Amino acid sequence: MTLQSTQINRLDYTAPAFLIDRVDLTFELEESQTRVQSRLVLKRNPEAVAGLPLSLVGEELSLESIKLDGALLKTDAYSVSATGLVIATMPDEAILEIVTIINPLSNTSLNGLYVSSGNFVSQCEAEGFRKITYYLDRPDVMAKFTTTIIADKTRYPILLSNGNRVDSGQLEKNRHWVKWVDPFKKPAYLFALVAGKFVMLADQHTTPSGRRVALEIFVEPGNLDKCHHAMAAIKKAMRWDEERFGLEYDLDTYMIVATSDFNMGAMENKGLNIFNTKYVLAKPETATDVDFDGIDAVVAHEYFHNWTGNRVTCRDWFQLSLKEGLTVYRDQEFSSDIGSRSVERINNVKALREMQFAEDAGPQAHSVRPEAYSEINNFYTMTIYEKGSEVVRMYATLLGREGFRKGMDLYFKRHDGQAVTCDDFRAAMADANGVDFTQFEEWYKQAGTPALAISSHYDAAAQTYTLNVKQSCPATPGQAEKRPFHIPLAVGLLNKQGKDLPLQLAGEATAQGTTRVLALTQAEQSFSFINITAEPTPSLLRDFSAPVKVSYAYTDEELVFLMANDSDAFNRWEAANTFATRLLIALYAAGDEKPLAPASFINALRKLTSEKIDAALIALMLELPRENYLIELIDQVDPCHLHFVHRSVKAQIARELRPELLAIYQKLNDGAIYHYENASKRSLKNICLDYLAELDEPLVSEMLSKQYRLSDNMTDRLAALKALVNRDGGDAQLADFAVQWHDDALVMDKWFALQSTSRRPGALSRVQALMDHPAFSIKNPNKVRALIMGFCLQNAQHFHAADGYGYAFAADRIIELDKINPQVAARLASSFNRWKKMEPQRQQMMQAELQRIAQQDDLSSDLAEIVNKSLS
Ligand code: TRP
Ligand code: ZN
């Protein structure tokens, strides 16, 4: 085996031997030969073992010179390797000057300093700074940075880095320079540099304390008209954080730069956030409602990191969820406040269940605070981010909004300017509220999704209603036995009229509200409610109060009742979701040639179509559970059979609810001009269209092509095109779309994604052909996500085709990508994570492809770790 990697263990943490007070960087930018001068003011860390050597990390650097306290170091005074530079004998205080040469043009990993569309862009989280210069590249070393950038004036008129722009000037040979000073100390992963041709949208914001902040969004020329939504989002996010958490921005300028070559969504570099264009550029003609919401969320997320991540950062990368879980929680709360709280919650829970639950049940399962990793890039996961945010949400559920705020205030009071741990956050929450959160640590330690088995008992004579709750958690790699978690279980009880009952637990003098948060702490517990005069229907895990799986033996009638009556909007949706999930799985297991859903289900959906609630909520309740979610619930699954069942039920709904769906569609398709605010109506309209597209009728064909042609916005156009592509191939419209949008990269991503996720036969060969399309590039992560990941991760039916060609295609692309961009290759490799879920023949084929990948020479540590874990 060529696979080998060194593992880093959480418990091996030791304090750094040296600290860095100041860093002065000077960049002389040339595409293939950038000269980086670094001047470090170092001192020994009094908290570390005395006499240790200075060990700096660095990768892919060519060292030009090194000076210690002004004197050139002779080559025998230090040693250089492929991973770093060691100086054995060091004074307690020193000034170290290092000059290195790097090649941004050949850097296709998009990690470190690289070139994108002729501009220089940096990405340093988690460990990219070591590809710029030798450094103590770890988050607990925080220093004040100054950055001077020298570059050709014509090609790089804009030169940006962190903090405040303090000086600039001209040099000979058409060059110019700009100097930036960041007054806040920060770890190297928050360093950023951008240089190139950009246009800027400017605005401003005044904080409650009176600071005037200049807001600047930099984009490539031609894109200025697509920055307004992002700018509005910055202002909303700033105001929200001031009001909700009392947190203000702390520099004079807040900059965002958009780049089209980016491994993730965006990056929170101090004062200079760098974004994937996907989360900046939008106007109604090019972006969907989902895109606009994504921009709000990501802009807010990166802005919120200024406090939760930058001012208070992580001691080591095992603490990643300290900043990511907390910041996701904050951006979700922001989105809930500016939009619909219940719709936001449902969408987040859907994503959690489809992706994080799968991760937690598979070979990459890890806890929110992992114990070991070999490549930190592989730990920017659904578990760290989304489960991490659920863990933060549970503090808020247990403490209430005010208690949570007290905890946050104490956290900042104690730790501003520090690099800390998840334990420090938990201690702040506990101490600010006088609560014991000892057991709560299990959420950070144990992987796996806990399961709650709940049963109920009504005692008519005693008028008591008892809920019996058993919690358990499946084994995960390296964790066979699990201890009980501290779980907030929010419940309500509905009477026969569908009204919430006041809830009084045995031993309480009075009823206290209609939703109670029960604190589960033991493997088995019972909760008795008193003064219950008739058997109620329980509403369990309201608002999804914990990231767990609940099982309770609801009858279909009870689910229909909850769909119609629950005061908790999340649980109304959940009842519909449970009903549909159960039925699809039963039909899958039955294996009938013509799977048919029972009338009770169709009638429940019919009833929904006339509900007077938020249109977006109806749309969510009408939508069937997605195939990726159902795959997780079936052992030895055949995804093609599952797809057949799913599609049959969808077509049945379309046939039986045709009049209702058509009536809603026609009412909402009123030709009114586009307003972003009507997004929820569009979502209902387009789910109706999606169903109707199952019907082979001229009327439907006409509706689809009309909506495609006449829509004034991308949400509606794309909905029509998607239905056309799935229905009859939509060739004419696909061609038309490409002609219209060939030079808009983000719109072309949608065009690729529509085809890679198409359910029509021949999807794989079309994906293969599209790899030669002029708008496609395997070096660009957005393109890979649209075309290749779209196929491998969002098109279960074709990826899992019985002939195994989907698997072979994926493995080929993973191998190809590993040489270009290991982070992206490793993400794509996760398409093989669930191979043990499949029926035996597919298991075998997937395993064989994994082995083929494992046998390649020189696998990146990123890919090796994922593949190793999958195979073990
Ligand atoms: N910290 C970034 C965020 O959550 C994540 C990120 C951006 C990232 N780019 C990256 C993580 C590259 C790893 C590698 O907003
Ligand atoms: Zn983040």
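The values are calculated or read from the model by the stated rules, or taken from the named source; none is laboratory data. Since the structure is predicted, the reported quantities are computational estimates derived from the model, not experimental observations. Neighbour counts are summed over all protein chains in view; Cβ atoms, including those assigned to glycine, are modelled from backbone coordinates with ideal geometry. Ligands, DNA and RNA are stripped out before the accessible areas are found, and what is left, the full protein with its side chains, is counted by its heavy atoms. Shrake-Rupley method; radii C 1.70, N 1.55, O 1.52, S 1.80 Å.
Scanning the range 703-715 for residues that are open to solvent by 10 Å² or more (accessible area, probe 1.4 Å) and within 14 Å of LEU754 (Cα to Cα) turns up just one, THR715. Checked against (1) outside any loop (DSSP other than H, G, I, E, B); (2) open to solvent by less than 10 Å² (accessible area, probe 1.4 Å); (3) more than 16 Å from ligand 2 (Cβ to nearest atom), ALA427 meets all criteria but (2). Those helices (runs of 4 or more DSSP H) of the range 680-783 in which at least 1 residues are under 28 Å from LYS226 (Cα atoms), in contact (Cβ under 8 Å) with a residue 60 or more places away in the chain and touching a Leu at 6+ places or on another chain (Cβ under 8 Å), considering only elements entirely within it, cover 714-728, 745-756.
Determine which member of the set VAL392, VAL368 is within 16 Å of ligand 1 (Cβ to nearest atom) and either under 25 Å from LYS185 (Cβ atoms) or in a helix (DSSP H, G or I) (or both).
Numbers: VAL368 fails: either under 25 Å from LYS185 (Cβ atoms) or in a helix (DSSP H, G or I) (or both).
Result: VAL392 is the single residue among VAL392, VAL368 that is within 16 Å of ligand 1 (Cβ to nearest atom) and either under 25 Å from LYS185 (Cβ atoms) or in a helix (DSSP H, G or I) (or both).
Identify, please: which residue in the range 317-365 is within 27 Å of ASN833 (Cα to Cα) and not in a helix (DSSP H, G or I) and is, among those, nearest to ligand 1 (Cβ to nearest atom)? Only one residue fits best here, namely GLN364.
Among the residues that make up the range 157-164, is at least one of them assigned to a strand (DSSP E or B) and at positive phi? Before the answer, list the steps.
Initially, the range 157-164 is screened for residues assigned to a strand (DSSP E or B), giving 158-161, 164.
From what's left, at positive phi: none.
No, the range 157-164 contains no residue that is assigned to a strand (DSSP E or B) and at positive phi.
Each residue in the range 430-483 was checked for being assigned to a loop (DSSP other than H, G, I, E, B), within 21 Å of ALA358 (Cβ to Cβ) and either open to solvent by 20 Å² or more (accessible area, probe 1.4 Å) or of a type in the set (A, V, I, L, M, F, W, C) (or both), and 8 of them qualify. Restricting attention to the range 197-251, the residues that are closer than 24 Å to LEU746 by Cα, in contact with a Lys or Arg (Cβ under 6 Å, 6 or more places away or on another chain) and assigned to a strand (DSSP E or B) add up to 0.
The lone criterion from (1) within 16 Å of the chain's Cα centre (by Cα); (2) closer than 17 Å to MET231 by Cα left unmet by ALA282 is number (1). A single member of ASP252, ASP261 is of a type in the set (D, E, K, R) and crowded, with 21+ Cβ neighbours inside 10 Å, and it is ASP261.
Collect the residues in the range 80-102 that are assigned to a loop (DSSP other than H, G, I, E, B), touching a residue at least 12 places away in the same chain (Cβ under 8 Å) and surrounded by fewer than 16 Cβ atoms within 10 Å (Cβ to Cβ), keeping them in residue-number order. Spell out the reasoning first.
Residues of the range 80-102 that are assigned to a loop (DSSP other than H, G, I, E, B), as a first pass: 81-83, 88-92.
Subset that is touching a residue at least 12 places away in the same chain (Cβ under 8 Å): 82-83, 88-92.
ALA82, THR83, ALA88, THR89, PRO91, ASP92, listed by residue number.
Considering GLU333, GLU344, the condition of being open to solvent by 10 Å² or more (accessible area, probe 1.4 Å) and modelled with pLDDT of 95 or more is satisfied by GLU344 alone. The set of residues in the range 264-285 being open to solvent by 10 Å² or more (accessible area, probe 1.4 Å) and either in contact with a Pro (Cβ under 7 Å, 6 or more places away or on another chain) or more than 15 Å from ligand 2 (Cβ to nearest atom) (or both) consists of THR277, LYS278, LEU281, LYS283, PRO284, GLU285. The residue pairs whose first member lies in the range 295-313 and is farther than 18 Å from ALA258 by Cα, whose second member is outside any helix (DSSP H, G or I) and within 11 Å of ligand 2 (Cβ to nearest atom), and whose beta carbons are closer than 6 Å, counting only pairs six or more residues apart or on different chains, are GLY309/GLU268. For the range 630-662, residues that are out of contact with any Cys (no Cβ under 9 Å at 6 or more places or on another chain) and assigned to a helix (DSSP H, G or I) total 22.
For ALA297, the stated conditions do not hold, so it cannot be described as modelled with pLDDT of 95 or more, within 13 Å of ligand 2 (Cβ to nearest atom), under 23 Å from PHE129 (Cα atoms) and not acidic (Asp, Glu).
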